[in-house]
Amino acid sequence: MSTHDYLRQRFFPHMWCPGCGHGTVLNSLLRAVEQLGMSKNEIVMASGIGCSSRISGYVDFHSLHTLHGRALAFATGVKMSRPELNVIVPMGDGDALAIGGNHFIHAARRNIDLTAIVMNNRIYGMTGGQYSPLSGYGTSATTAPYTNIDHDFDIVELAAAAGASFVARATTYHVVELEKVLERAISHKGFSVVEVMSQCPTYFGRKNKAGSAVDMLRSFKENTVPAGSEKKKEHPHLLERGVFVDRDLPEYRAEYEKIIKRASGGDSSWNE
Ligand SMILES: Cc1ncc(C[n+]2csc(CCOP(=O)(O)OP(=O)(O)O)c2C)c(N)n1
Ligand code: SF4
């Protein structure tokens, strides 16, 4: 199986702007799936609405292109009814953490076996460049022409604090790292979160005078460091990449199986 076999080429050309980072995420994801030797039939991709969420249209997996902010709710339903399937949930930062923020923290708290890929371009791309909870203080957006005074939060820290058992950050510049991290996230049993810094040259880039897509990629290179590196100590403003959490916790669907067994009288060790 080559990466091309995982694509729905009939839906090409894709809708992303030239230089958009989301295509790079798709590329790394397909390479990760290929490396893991997975068949199309064992993967479900559930997405919401957004430029990032359009990824589900281009993959030849079982796919659900659902409602903005509700991808994790649909994905939870799929996992509960078909636990043998591998469920991947690509989301935008707005999709995952504004309208979908509640679903995000509770999916993490339950540690349900889903792979959440948060494509963080720090803006609402699809709807024309409104600021998101990840835009950050002092940035500009179509809805913040005099600058944004909302502070952002750290997706990695939020996911870890909420209970996710695998948490990582990558960028669209560091594509090999991204592929490896996605392989680990997909293989992990439990709620996996991968934040991917992804460039939106059309809105975030233009509104914030960040230059071309290449300039934005260069800034991912220059402003991030591997987790735990010495450079971070000297330059605390640098953003860390890598795997921050990888822990073994009871997985929700597996725990639910035990409840089914108890309720149906099949668990002799259970004392009602
Ligand atoms: C319930 C609902 N609210 C709002 C919208 C409009 N809407 C569609 S996509 C989107 C934001 C997209 O931003 P993000 O999730 O960050 O993804 P991106 O497009 O940047 O990849 C919004 C507000 C919608 N489709 N449904
Ligand atoms: S608007 Fe931004 S996020 Fe959407 S396709 Fe264009 S570059 Fe990508």
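If you go through the range 160-183 and keep only what is within 22 Å of residue 23 (Cβ to Cβ) and not in a strand (DSSP E or B), you end up with 172, 173, 174, 175, 176, 177, 178, 179, 180, 181, 182, 183.
If the condition is being of a type in the set (Gly, Ala, Ser) and under 19 Å from residue 190 (Cβ atoms), then the range 217-272 contributes 242, 254. Taken over the range 132-178, the criterion of being more than 16 Å from ligand 2 (Cβ to nearest atom) and among the polar types (S, T, N, Q) is satisfied by 147, 148, 165. Could you check the range 85-96 and list, in sequence order, the residues that are under 18 Å from residue 111 (Cβ atoms) and either open to solvent by 30 Å² or more (accessible area, probe 1.4 Å) or among the charged types (D, E, K, R) (or both)? Residue satisfying the conditions is 86 alone. Given the condition assigned to a strand (DSSP E or B) and at pLDDT 95 or above, answer yes or no: does some residue in the range 128-135 qualify? For the range 128-135, residues assigned to a strand (DSSP E or B) and at pLDDT 95 or above: present. Does residue 75 meet the test of being among the small types (Gly, Ala, Ser), in contact with a strand residue (DSSP E or B) (Cβ under 8 Å, 6 or more places away or on another chain) and under 22 Å from residue 188 (Cα atoms)? In short, yes. Evaluate the range 122-139: report whether one residue or more is away from ligand 1 (no atom under 12 Å from the Cβ) and touching a strand residue (DSSP E or B) at 6+ places or on another chain (Cβ under 6 Å). Looking through the range 122-139, none of the residues is away from ligand 1 (no atom under 12 Å from the Cβ) and touching a strand residue (DSSP E or B) at 6+ places or on another chain (Cβ under 6 Å). If I filter the range 184-237 down to residues being within 16 Å of ligand 1 (Cβ to nearest atom) and over 30 Å from residue 107 (Cβ atoms), which single residue comes out as least open to solvent (accessible area, probe 1.4 Å)? Looking at residues that are within 16 Å of ligand 1 (Cβ to nearest atom) and over 30 Å from residue 107 (Cβ atoms), I get 205.
Of the residues making up the range 7-28, not a single one is modelled with pLDDT under 95 and of a type in the set (A, V, I, L, M).
Within the range 116-142, the set of residues being of a type in the set (Val, Ile, Thr) and buried (at least 17 other Cβ atoms within 10 Å of the Cβ) comprises 117, 118, 123, 139. Of the residues in the range 214-221, at least one is in contact (Cβ under 8 Å) with a residue 12 or more places away in the chain and more than 16 Å from ligand 2 (Cβ to nearest atom). Considering only residues in the range 1-42 that are within 16 Å of ligand 2 (Cβ to nearest atom) and over 18 Å from the mean Cα position of the chain (by Cα), the one that is least open to solvent (accessible area, probe 1.4 Å) turns out to be 19.
The number of residues in the range 98-115 being open to solvent by less than 10 Å² (accessible area, probe 1.4 Å) and in contact with a Phe, Trp or Tyr (Cβ under 8 Å, 6 or more places away or on another chain) comes to 5. Residue pairs whose Cβ atoms lie under 9 Å apart, separated by 6 or more positions or on different chains, with the first residue in the range 143-161 and open to solvent by less than 30 Å² (accessible area, probe 1.4 Å) and the second charged (D, E, K, R) and in a loop (DSSP other than H, G, I, E, B), are 144/150.
The values are calculated or read from the model by the stated rules, or taken from the named source; none is laboratory data. None of these values were measured; they are calculated from a predicted model. A quick note on method: Cβ atoms are made from the backbone with ideal geometry, for glycine too, and the neighbour counts reach across all protein chains shown. The accessibility values were calculated without ligands, DNA or RNA, using every heavy atom of the protein model including side chains. Shrake-Rupley method; radii C 1.70, N 1.55, O 1.52, S 1.80 Å.
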